[in-house]
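The values are calculated or read from the model by the stated rules, or taken from the named source; none is laboratory data. Here the structure is a predicted model, which means the values were calculated and not measured. Cβ atoms come from the backbone with ideal geometry, glycine included; neighbour counts cover every protein chain shown. Only protein heavy atoms, including side chains, enter the accessible area calculation; ligands, DNA and RNA are left aside. Shrake-Rupley method; radii C 1.70, N 1.55, O 1.52, S 1.80 Å.
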Amino acid sequence: MPASRTASRLGLRFFAVGYLSMLLLIPVGMIFYRAFEHGAGAAWAAVTTPEALHAFYLTILIAAIAVSANTIFGVGCALLLVRTKFRGKALINAAIDLPFAISPVVIGLSLYLLYGREGWFGGWLLDNGIQVLFSLPGMVLATIFVSLPFVVREVVPVLHEIGDEQEQAAQTLGANWWQTFRRITLPAIRWGVAYGVVLATARALGEFGAVAVVSGRVVGQTETAPLWVWREFGQFNLTGAYTASLVLAMLAIGTLLAMNAFKRKEA
Amino acid sequence: MGISVKGASKKFGDFVALEDISIEVPDGSLTALLGPSGSGKSTLLRVIAGLEQPDAGRIVISDRDTTDVPVQDRGVGFVFQHYAAFKHMTVKNNIAFGLSIRKRPRKEIDTRVRELLQLVHLDGFADRYPSQLSGGQRQRMALARALAVEPEVLLLDEPFGALDANVRKELRVWLRRLHEEVHVTTIFVTHDQEEAMDVAEQIVVMNEGRIEQTGAPRDLYDHPSTEFVMGFVGPVNRRGALFIRPHDLEILQVPAVEAEEAMIERIVHLGFEARVELLLADGEQLWAQMTLAEAELMELAAGQIVYARPRHAKVFEPSGASRTEELAAA
């Protein structure tokens, strides 16, 4: 009996490691290997061209704006869903998951329809000198859309778990709404928020499809890092493509590690 | 002064939580709201605190109509069953919370917190986090936190409900002593009649959103005005229309007037007292309470045939009136 149980446990472990290796570790490892195939110098030169630097700058800028917006919206929306009762709550709850269900390309196209010259808002905005498509606002909108659910979905269960007694206790002690939120609710949900921010950041940094549609992919202007990688790849500039991919992966992993370090320091 | 509730009603959907409730809580008193779960006692407490808004009725605290005053400005201290400790704050900061919201000077806060830590016997725990405290310690911290802002009334919602039986008894005694020390008007909610009798000066018995009876613990026990109070405050046997306290059930070894034949099913030894469980000829069960010494003197044992007779019993008329029958004297 024990022997066969050990065997089955080993088998399961082998399967899990093998599965992860085939699907995740080996592909990412290959990129790492290929990026430095011609040496660190070549890799460095490939991703420090002005075009590449602009693409990284744009990606980080868009991610910062989109994640900030989604954090504020996400926390507010989670509070609304958990702490209040209103008609249409189920509808909002379902709508928040739409970005998970819809392909990013479709999201890009829907923004195109709304903000294009013939779109509902596009004509009026253009007449008033605001260019949404093929510029920063459109790319930010697309990124907000695709990374919207993460913070809400991480914070809702935490709010359920902590309950509202601490908040009520704060109120009986004289705290108004804002004091209660800042001194009781926010510290209690901070790890939910932090995890949501990490996931949303990773998603925002890597967004390709929706941004590809709305950006117009103008080199050196509306080209984000993932778009740059795709173009370099298409032109057989493989060292640049691989290295840039690596940088993107590192940015996401870096966010995760920073959050972990912060958490450890506090505990 | 004190607290008065005048005709408070509250519904949650179709569920009637409070139905035209009026109570007077004297200034400086310690009052218990006693009732089974769903009787409305917690809702009444939350309405007084301002955590729930009544559908109708007024709440008056210290001669001030506070019905429309938000919870922040009511001057109530509230203690929750599950402590509601601020988990990310130290004990010290938990207790200081209300004062720091009021922007009191640092020095004053420090002094007050030190006093309160002493009052609730938590000196030396100032820098711990709630997760490092036992349940009883957490609840004492919650009490200190509520008292820090010098509330006009202290409201406790099943404060010992989540604690072990031993800790619960200890804290009861402690709460009574604390009340003698700080003398703030206090209402506490409980479903445990023993706890209410032990701690409170006045008990309000609630059932299905209504008040059954209000009175001193002894009054409720000796002169219950409804069947519900008789059954809820203290143990009771029911025989037809008669309500008999177990210690009013006399056990005889020979037949007598008004005495019914019964078989002893079981004798439970509970330290000083014994609980004698009886089976009557018609299959109904009664139990009698006596001292262990009495039971031993009579050499009672399971399987024995004895004769049970109530010394006195209570009858509740459908009209709402009640009378006590002195049966043994008949």
Inset, instruction - Considering the options A:73, A:132, A:245, tell which one lies farthest towards the positive end of the dipole of region A:39-266, charges being +1 on Lys and Arg and -1 on Asp and Glu at the Cβ, about the Cα centre. - result: A:73
Inset, instruction - Starting from the Cα of residue B:1, step 7 Å along the direction of its Cβ; do the same at residue B:312; then give the gap between the two resulting points in nm. - result: 3.6 nm
Legend entry - Debye-sum result for chain B in log10 I(q)/I(0), which assumes one identical scatterer on each alpha carbon, at q = 0.11, 0.14 Å⁻¹: -0.80, -1.08
Inset, instruction - Express the relative contact order of region A:39-266 as a whole percentage, based on alpha carbon pairs under 8 Å and six or more residues apart in sequence. - result: 32 percent
Inset, instruction - For residue B:314, go through the lysines and keep the ones whose alpha-carbon is under 28 Å away, minus same-chain ones fewer than eight residues off. - result: B:41
Inset, instruction - Could I get the Rg over Rh figure for the protein assembly as shown? Both from C-alpha atoms, Rh via Kirkwood, rounded to two places. - result: 1.16
Legend entry - Protein-only accessible surface order, largest first, of B:180, B:261, B:158, A:118 at 1.4 Å: A:118, B:180, B:261, B:158
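Explain nothing, just the number: dipole magnitude of the protein assembly as shown about its Cα centre with +1 on each Lys and Arg Cβ and -1 on each Asp and Glu Cβ, in debye rounded to the nearest 20.
Values: 56 positive and 64 negative charges, 686 e Å.
Roughly 3300 debye for the protein assembly as shown.
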Legend entry - Average beta-carbon neighbours from other chains, 10 Å sphere, peptide B:89-95: 1
Legend entry - Of A:149, A:99, A:187, the one that fluctuates the most in a GNM where chain A has Cα springs shorter than 10 Å: A:187
Inset, instruction - Please list B:131, B:29 in order of solvent-accessible area, largest first, computed with a 1.4 Å probe with all protein chains present. - result: B:131, B:29
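Would you kindly calculate the mean projected area, averaged across all directions, of the convex hull enclosing the Cα atoms of region A:39-266, in square nanometres?
Numbers: hull surface 63.7 nm².
Over all viewing directions, region A:39-266 projects a mean Cα-hull area of 15.9 nm².
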Legend entry - Filtered trypsin sites (Lys or Arg not before Pro), region A:52-92: DSSP coil and at most 16 other beta carbons within 10 Å: A:85, A:87
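Restricting to DSSP H runs of at least four residues, report the calculated mean residue ellipticity at 222 nm for chain A, -39500 (n - 2.57) per run over all residues, nearest 500 deg cm²/dmol.
Helix contribution divided over all residues of chain A: -24000 deg cm²/dmol.
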Inset, instruction - Note down the nm distance, to one decimal, between modelled labels 7 Å out along Cα→Cβ at residue A:51 and at residue A:94. - result: 4.6 nm
Legend entry - Per-pair calculated FRET efficiency, R0 = 60 Å: residue A:256 and residue B:9 via Cβ, rounded to 0.05: 0.65
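With every protein chain kept in the model, how would you rank A:205, A:91 by accessible area, 1.4 Å probe, largest at the top?
A:91, A:205
Would you calculate, for chain B, the mean residue ellipticity at 222 nm contributed by helices, counting each DSSP H stretch of 4 or more residues as -39,500 (n - 2.57) and dividing by all residues, to the nearest 500?
Values: 9 runs with 91 residues, N = 330.
Per the formula, -8000 deg cm²/dmol.
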Legend entry - Förster-model FRET efficiency, 41 Å R0, residue B:134 and residue A:21, C-beta, rounded to 0.05: 0.30
